[in-house]
1. Could you grab me the full set of residues in the range A:44-56 that are farther than 10 Å from A:V8 by Cα and not in a loop (DSSP other than H, G, I, E, B)?
2. In the range A:73-104, how many residues are more than 13 Å from every other protein chain (Cβ to nearest Cβ) and either acidic (D, E) or without any contact (Cβ under 8 Å) to a residue 24 or more places away in the chain (or both)?
3. Out of B:V93, B:V76, B:V56, which single residue is surrounded by 17 or more Cβ atoms within 10 Å (Cβ to Cβ), modelled with pLDDT of 95 or more, in contact with a helix residue (DSSP H, G or I) (Cβ under 7 Å, 6 or more places away or on another chain) and outside the structural domain of B:D227 (by TED's automatic domain parsing)?
4. Within the range A:12-24, how many residues are more than 15 Å from the chain's Cα centre (by Cα), part of a loop (DSSP other than H, G, I, E, B) and more than 14 Å from chain B (Cβ to nearest Cβ)?
5. Please work out which one of (1) buried (at least 19 other Cβ atoms within 10 Å of the Cβ); (2) farther than 28 Å from B:C164 by Cα is the condition B:F38 fails and give its number.
6. For the list (1) under 25 Å from B:F194 (Cα atoms); (2) in contact (Cβ under 8 Å) with a residue 24 or more places away in the chain, I need the number of the one condition that B:P25 fails.
7. Could you list, in sequence order, all residues of the range B:177-186 that are touching a residue at least 24 places away in the same chain (Cβ under 8 Å) and within 14 Å of B:K131 (Cβ to Cβ)?
8. Taking B:D127, is it among the charged types (D, E, K, R), more than 14 Å from every other protein chain (Cβ to nearest Cβ) and over 15 Å from B:V245 (Cα atoms)?
Number of protein chains: 2
Amino acid sequence: MQRFKLIVEYDGRPFVGWQRQENGPSVQATIEDAIKKFAPGEAPRVIGSGRTDAGVHALGQVAHFDLERDMTPDQVQGALNYHMQPRNTVAIVKAEAVDSEFSARFDAVKRHYVYRIANRRAPLTFDAGLKWHVKTPLDHEAMHDAAQILVGQHDFTTFRHVACQAKSPVKTMDYLTVEREGDEVRLLAGARSFLHHQIRSIVGTLKLVGAGNWTKADVQAALDARDRQALGLNAPPDGLYFKHVEFEG
Amino acid sequence: MQRFKLIVEYDGRPFVGWQRQENGPSVQATIEDAIKKFAPGEAPRVIGSGRTDAGVHALGQVAHFDLERDMTPDQVQGALNYHMQPRNTVAIVKAEAVDSEFSARFDAVKRHYVYRIANRRAPLTFDAGLKWHVKTPLDHEAMHDAAQILVGQHDFTTFRHVACQAKSPVKTMDYLTVEREGDEVRLLAGARSFLHHQIRSIVGTLKLVGAGNWTKADVQAALDARDRQALGLNAPPDGLYFKHVEFEG
């Protein structure tokens, strides 16, 4: 038996999310079903570094699984991509053989996300479902400035989904950066781990700042409230991308 | 009557091309049909700076049309985008009122295109139909070097579709630049005008150079042959984007 580590890219639009669910296609099930096609008789379980929600995308999700059949990493990558045809909305960018102790979930020490906003009046063509469309002109510098309030260790109860299953609402944001390139405003976020809807809650709040509806002090007050009701706005999944994962060593 | 200039963005995947045709949806017809919805009784004719082929995209196509109905540019932009819903694969990025002598086609003095290649082993997810997928590693520096042979004034018979209707095969390429950003290899091209399939023919040829199948001397020989049969490869429409247009003054 060999454990493999995968770097996975996916367009989240057709999926109910990363995790296998009864109500529709998931990324996890797509990969597991592909493995069964080239390794019949095996019951693979694919574990990801993070469970992305419906409509959320990945550029560098990491996953692992065990395979009984003797195959090289290149063969695994090729077979997976082949069996996810013809409509590849999931692609295995890389496969490598790893120690059987490796866990994509528990060994991840830093997760990086990017959230993309299309800040323009015109409707989206290429980017429909791939960016959040915000027509109001956004002041990205004010957004970046207000975001710094949330960097460091805080109780993020305001910025967490009511159904979030994490034991503690206390998380440490390593960085939050808001930048603009043309009509795209991007938030870059990194932390060991995130709460459910945390980035979308942060982006929604910063959008209010960028549009001039909220001040930096309002963000501070929302954080201090430790109350989901104090959240200004939750951003849609469209613009969220799981970018990459860092591991120990 | 007022003439309007439009900056038009479109995802070419669903279209038979820019020009109105009997055999399927075109960008021109999509815009003309939208105008008829807010200006009933008028018979608008939308003229573009360039006629893109089936599957070719635009970031900054320019077009003009005349409107009898009294509307501001902002109203025209809003009404056009509204009436091209719900599936906006065409977006009017900007509308402005121009002199009735202005022609998007005849006043254009420089047209700029970009051609995108996804140079990686993994299949495409987000970019299927939006980039040319080339799995062989490409030497973009060799491609750039060979491209310089084609800059300047030449007889481009080898690099033109047999059905091209231009009077002369002689064109002047202002620049051809090949660059790489991660796994994307891009060709940037600028000229007053292009022949039918000229950029796709150039990209196909440079791909052979990048993959090591052709030398710079082979490109020179193909150009000198002035014979379509000497072309190595025509690239698919997927990666081609009409980027922007320059006008006099």
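1. The answer is A:I47, A:D53.
2. 3
3. Being surrounded by 17 or more Cβ atoms within 10 Å (Cβ to Cβ), modelled with pLDDT of 95 or more, in contact with a helix residue (DSSP H, G or I) (Cβ under 7 Å, 6 or more places away or on another chain) and outside the structural domain of B:D227 (by TED's automatic domain parsing) holds for just one of B:V93, B:V76, B:V56, which is B:V56.
4. So the count comes out to 3.
5. For B:F38, the failing item is (1).
6. (2)
7. Those that are touching a residue at least 24 places away in the same chain (Cβ under 8 Å) and within 14 Å of B:K131 (Cβ to Cβ): B:R180, B:D183, B:E184, B:V185, B:R186.
8. The answer is no for B:D127.
The values are calculated or read from the model by the stated rules, or taken from the named source; none is laboratory data. Every value quoted in this text rests on a predicted model; they were computed, and no experiment measured them. Cβ coordinates were reconstructed from backbone atoms using ideal geometry, including for glycine residues, and neighbour counts include every protein chain displayed.
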